[in-house]
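As structure tokens, the structure follows; a few thoughts come after it.
The values are calculated or read from the model by the stated rules, or taken from the named source; none is laboratory data. Fair warning: this is a prediction, and the values are worked out from it, not measured in the lab. FYI the Cβ positions are ideal-geometry reconstructions off the backbone, even for glycines, and counts take in every protein chain you see. These accessible areas exclude ligands, DNA and RNA; they are computed on the full protein's heavy atoms, side chains included. Shrake-Rupley method; radii C 1.70, N 1.55, O 1.52, S 1.80 Å.
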Amino acid sequence: MSSKFRGRSTRALAVCALSAALVTGGSVAVSAAPTPTPKPSMTHRAASVTVHASPTTVKAGQKVRFTGRTAGIPVGASVRLQHEMNGKWTTLKASTVVKKGNSYAVTTRPTAKGTQHYRVMVGKTHSPTVTVTVR
């Protein structure tokens, strides 16, 4: 009976020693692996676009210029001017592209009198709303 006990004990001890060696060896390999450092080209900025109207009060048919800057949007991307009508945004024919320096400028001539709301759209990114009063 004692030889049976010794055989089982020896096997159990061997299994424990082997498991400990595998666990220790695995953790050393994991901690020794170099951690990749992000490169500036790997970091992504959220896309954003701003808009300013000039002038903000015009007579019907007078030109309004919308200017702004983009971030996280490539040069040459299409910028489209949108107008809010009855709670829905409609895209106007006025458009341009993002220029070097991440800027853009687009103009329109509003004809509907009253308070008008505009924004610009670049891909799926849109600017905050800007208000223009048309007399």
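Compared with the direct C-alpha span, the chain from residue 131 to residue 57 gains 25.7 nm at full extension, assuming 0.36 nm per residue.
The residues neighbouring residue 90, those whose beta-carbon lies less than 13 Å from its own, together hold a net charge of +3 under the Lys/Arg +1, Asp/Glu -1 convention.
Computed extension gain for residue 71 through residue 92, at 0.36 nm per residue and net of the alpha carbon distance, reaches 5.3 nm.
Can you work out the accessible area per residue across segment 43-133, with the rest of the protein chains kept in place, probe 1.4 Å, in square angstrom?
60
Extending 7 Å from Cα along the Cβ direction at residue 111 and again at residue 50 yields two label points whose distance is 3.3 nm. Quick one: net charge of residue 112's neighbours, Cβ under 13 Å, K/R +1, D/E -1? Charge balance in the 13 Å sphere: +3.
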